[in-house]
Amino acid sequence: MSTSNTTYYIPHRATWPVLATAGLLTTLVGFANYLNGSSIGSTLMIAGLAILVVMLAGWFTLQATESETGMYNHGVGVSYRMGMMWFIFSEIMFFAVFFGTLWYTRNLSVPWLGGAGSNAATHEFLWSGFTATWPTNGPGNVGGHFEPMGAFGLPLLNTLLLLTSGVTCTWAHHGLIAKNRKQLIQGLSATVGLGFLFVLCQAIEYHEAYTEMGLTLGSGIYGSTFFMLTGFHGFHVCVGAIILSVVLFRSAKGHFTPENHFAFEAAAWYWHFVDVVWLGLFIFVYLM
Amino acid sequence: MSAVTAEHGHDDHHDDHAHGPEKGWLRWIITTNHKDIGTLYLLFALAMFFVGGTMAMIIRAELFEPGMQFVDPKFFNSMTTMHALVMVFGAVMPAFVGLANWMIPMMIGAPDMALPRMNNMSFWMLVAGVLLLASTLFMEGGAPAGGWTLYPPLVLQTGKALPFAIFSVHLLGISSIMGAINIIATILNMRAPAMTLMKMPLFVWTWLITGFLLIAIMPVFAGAVTMLLTDKFFHTSFFDAAGGGDPVLYQHIFWFFGHPEVYVMILPTFGVASTIIPVFARKPLFGYSSMVYATASIAFLSFIVWAHHMFTVGLPISGELYFMYATMLIAIPTGVKVFNWTATMWKGAMTFETPMLFSIAFVVLFTLGGFTGLMMSIAPVDFQYHDTYFIVAHFHYTLVPASVFILMAAGYFWLPKWTGHMYNEKIGQLHFWLSAISVNILFFPQHFLGLAGMPRRIPDYAIQFADWNMISSIGGFIFGASQLLFLWIVIDTIKGGTGEKVSDEVWEDAHKHGLEWTLPSPVPYHTFSTPPTVIPCDHN
Ligand code: HEM
Ligand SMILES: [Cu+2]
């Protein structure tokens, strides 16, 4: 807290943020047009994503260069750490919405549809014949017959993959602190590899669900919550693995010191966060 | 008023902040300077205040008389929806972020915001989000018309505008979260060494807590609208009972966001009021630490009262009772605040310049809005008030003569500091009296309309509501027109104002109340390149 203001690095012009906004806006306008069935939608989306990729590469390079040339003092590092922590907190709240939805539908709204509480009459007149169970696609049998996803098999394997990747990530961190570059690079490579393997397994799982089990995003509330939770998590694994790849690339270039490696820490925190969310998913979506 | 000296003086680092602003218009696009970005936020908010205000004028014109006058019902509903969204996300919230940008570094002795590039990005994401929202007005099927709460299933009937409105919420959320992270990091990491937490001005405290609220709730809103999107376009059943979902679930999620959201707009309001009142009462703020604790309790409580917006939706009786009592609790810390402002003025050597007039009006009229809130918190009687003009009166009292008045007070209070020019006090007072009187003509009759049963969000109404509606509309037109005076004053002050040279402290003895008044007027482009060592302290 007691940083001297004179050494706190304040950049003087910023072009990447404007480009980031332009990229995101283009992507979203494209996506919205696509959803409305307009033909320019996908083109715009691709253009927007391309801008975002260029922006990320440019902005990351700039930050890495500034960091390696010693422009950030301790105070700047603290700001970055706080920024990352609060960002992860916002992500936790985002996932909380979907976990909350799962809890609410399983424990409240589905039983109510089955007549629980003071809803006997509603049940009788609107949805008679519906028995509240879980998993369900609701009294309207929305999406038709489906099989729920079991916990053992790919999901269990994925749990092991992610937990192991958490360990390799920490092992890499120890390597970085002990100035063991080889251990750092090996640990990070293993983490990234396990991350992408996880995504691959999940892709196989989704494929099976859609082609063999009749389980889709449209399979009532079970399908909705299942794919929304696991899908957003899978997306976060991809993002985390990409961030870790950047850190791996920088480690190979000789970046980071035992004292100064914010990018590594941020990536690792993010990874552990994704890991913990998965444990929640495994328990509440698959096991229970 | 105690002054505190830090343990160490200037260190002999070379000052490398000699850069001035970028030349030309590009300055305003790529700037990372907290003052520039604060100005951008404030001007953008002012523009949106007039855009949202125009929509309000359309609403009041249509409601001037029973029967259909100017617009078709669908467009009328779009106006109520868009008016709320533009005012909340385009005007009030950005205006407070603008004040935070300008004032927090100066109040805590920091050279700038903690994350200047992200600061730039949060502003542009806001512009992108509002552009996307505004574009829906011109789309096939019209802008969203189901109310700012975007309840399904109604909102799912929106035409082409739906995905644009949803993505606009995402962008606004990203903007707010980044802004909030920046503010929190600045407050926690950039304070001058002598500025301990319990010496921070209340504006800084309220923003620290507001920042926390924002980071906690914006992702929740984003999640809710994402489920709307998938329900509409990807066959999910989150809010559809046939598939096992529940439209009421949306309401729970929305209000888990929505109730803290109203405190996002009022807590910084409290902060500014607590900054202005002591200066013109020429006394330290009464009960500083109780103000801090009250703010924190309000923030905590705001997370556990959301279903008071849903009393009539068919909650289990235990839920009704819980949310009723929990909501009533909020009146306690709120009462502490009102008491402290009053006690600050008690036996003060008060003068009544425009910022103080607006602040006093805030204390009185916000209290009135709080009382109607308390009435509505009683679940059984809220069955009568809910979805009538009574609640419209309630939240307009808490937002217009509270948040908006305080924003204008802040403008009058700090414009001389920012620009180095004095505003025209006569016109300022005229603006105040016109606003304060017309706002009551505008909103007070809406209490009666609501109690008599006039529903909100309707373009036409039964004949017995005619008189009060006409009075309310007349108040609305006067209020709207009066705001042009404010616009004139802002432009005039930027251009030179009265021509009188303002001193560094601007207001008599203001330097005893806050660090910002120890800086030159107008404030230089870079301030506090070395941390200040003497912290004026507004409380004992
Ligand atoms: C003293 C504390 C307060 C209490 C007890 C309170 C209570 C309530 C209740 C019970 C409702 C729901 C009424 C209904 O739908 O039937 C309500 C609505 C509302 N309140 Fe408050 N309120 C308080 C303060 C505030 C503040 C400070 C703000 C804003 C700055 C605010 C803004 C709103 C808004 C915007 C709505 C309406 C939302 C909508 O349906 O569109 N309230 N309030
Ligand atoms: Cu509320």
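The values are calculated or read from the model by the stated rules, or taken from the named source; none is laboratory data. Worth saying up front: this structure is predicted, and the values here are computed from it rather than measured. When we count neighbours, we look across all protein chains shown, and the Cβ atoms used for this are built from the backbone with ideal geometry, even at glycine. For accessibility, only protein heavy atoms count, side chains too; no ligands or nucleic acids. Shrake-Rupley method; radii C 1.70, N 1.55, O 1.52, S 1.80 Å.
When peptides A:9-20, B:225-236 are ranked by their average number of other Cβ atoms within 10 Å per residue, the highest-first order is B:225-236, A:9-20. Does the protein assembly as shown come out rounded, prolate or oblate, given a ≥ b ≥ c as the square roots of the eigenvalues of its C-alpha gyration tensor, rounded meaning a/c under 1.5 and, failing that, prolate meaning a/b above b/c? Note, shape of the protein assembly as shown comes out oblate. Sorted from longest to shortest, the spans of the Cα atoms of chain B along the three principal axes equal 71, 48, 48 Å. Excluding ligands, DNA and RNA, the accessible surface per residue across the range B:29-518 is 31 Å² with a 1.4 Å probe. Couplings for the range A:188-194, taken from phi via the Karplus curve 6.51 cos²θ - 1.76 cosθ + 1.60 with θ = phi - 60°, read 5, 4, 4, 4, 4, x, 4 Hz in order; Gly and Pro are left as x. Pairs from the table (B:LYS283/B:LYS426; B:LYS35/B:LYS495; B:LYS160/B:LYS232; B:LYS199/B:LYS501; B:LYS35/B:LYS512; B:LYS283/B:LYS337) lying more than 21 angstrom apart at Cα are B:LYS283/B:LYS426; B:LYS199/B:LYS501; B:LYS35/B:LYS512. Using a probe of 1.4 Å, the accessible surface attributed to A:THR69 totals some 90 Å² when neighbouring protein chains are kept in position.
Sorted into 10 angstrom bins from 0, the C-alpha pair distances of the range B:381-473 split as 15, 37, 24, 15, 8, 1 percent. Under the simplified labelling scheme, the A:SER118-A:VAL18 pair shows an inter-label distance of 5.9 nm, with each label point 7 Å from Cα along Cα→Cβ. By its C-alpha gyration tensor, with a ≥ b ≥ c as the square roots of the eigenvalues, how is the range A:163-228 shaped: rounded for a/c under 1.5, else prolate for a/b larger than b/c, else oblate? Here the range A:163-228 falls in the prolate category. When chains B and A come together, the accessible area they lose, probed at 1.4 Å and totalled over both chains, is close to 6000 Å². Non-local amide H neighbours of B:THR388 (under 5 Å, H modeled in plane, Pro and chain starts lacking H): which ones? Close amide H contacts, sequence-distant or interchain: B:ARG456.
Taking Cα centroids, how far is the range B:449-510 from the range B:320-335 in Å? What the calculation gives is 31 Å, centre to centre. Inter-label distance, A:PHE284 to A:VAL239: 1.8 nm, where each label sits 7 Å from its Cα along the C-beta direction. In this simple spin-label approximation, B:ALA349 and A:VAL53 carry label points 7 Å from Cα along the Cα→Cβ vector, and these lie 6.9 nm apart. Peptide packing: for B:80-88, B:328-336, the average count of neighbouring Cβ atoms within 10 Å per residue gives the ranking B:80-88, B:328-336, highest mean first.
Using 0.36 nm per residue, how much length does the chain from B:GLN464 to B:ARG27 gain when fully extended, once their Cα-Cα distance is taken away?
151.7 nm
Given in Å, the Rg to one decimal and the Dmax to the nearest whole number for the Cα atoms of the range B:79-237 are 17.8, 58. Highest mobility in the GNM of chain A, judged by mean-square fluctuation with C-alpha springs under 10 Å and restricted to A:GLN63, A:GLN186, A:GLN202, is found for A:GLN63. Taking Cα pairs under 8 Å and at least six residues apart, what relative contact order does chain A come out at, in percent? This gives 17 percent for chain A. When chain A is treated as a GNM with alpha-carbon contacts under 10 Å, the residue of A:ALA267, A:ALA120, A:ALA252 showing the greatest mean-square fluctuation is A:ALA120.
Determine which residues of the range B:22-48 fall in the zone a paramagnetic label at A:MET71 would reach in this model, i.e. backbone nitrogen under 17 Å from the point 7 Å along Cα→Cβ. What the label zone holds, given the 17 Å backbone N cut-off, is B:22, B:30-34.
Here the accessible area is traced with a 1.4 Å probe on the protein chains. For the range B:29-518, carbon and sulfur cover 74 percent of it. With q set to 0.15, 0.20, 0.27, 0.28 Å⁻¹, the log10 of I(q)/I(0) for the range B:173-228, from the Debye formula over equal scatterers at the Cα positions, is -0.48, -0.71, -1.02, -1.06.
The phi torsions of the range B:338-355, fed into the Karplus equation with coefficients 6.51, -1.76 and 1.60 and a -60° offset, translate into couplings of 4, 4, 5, 5, 4, 5, 5, 6, 4, 6, x, 8, 7, 10, 10, 6, 3, x Hz, rounded to whole numbers, with Gly and Pro shown as x.
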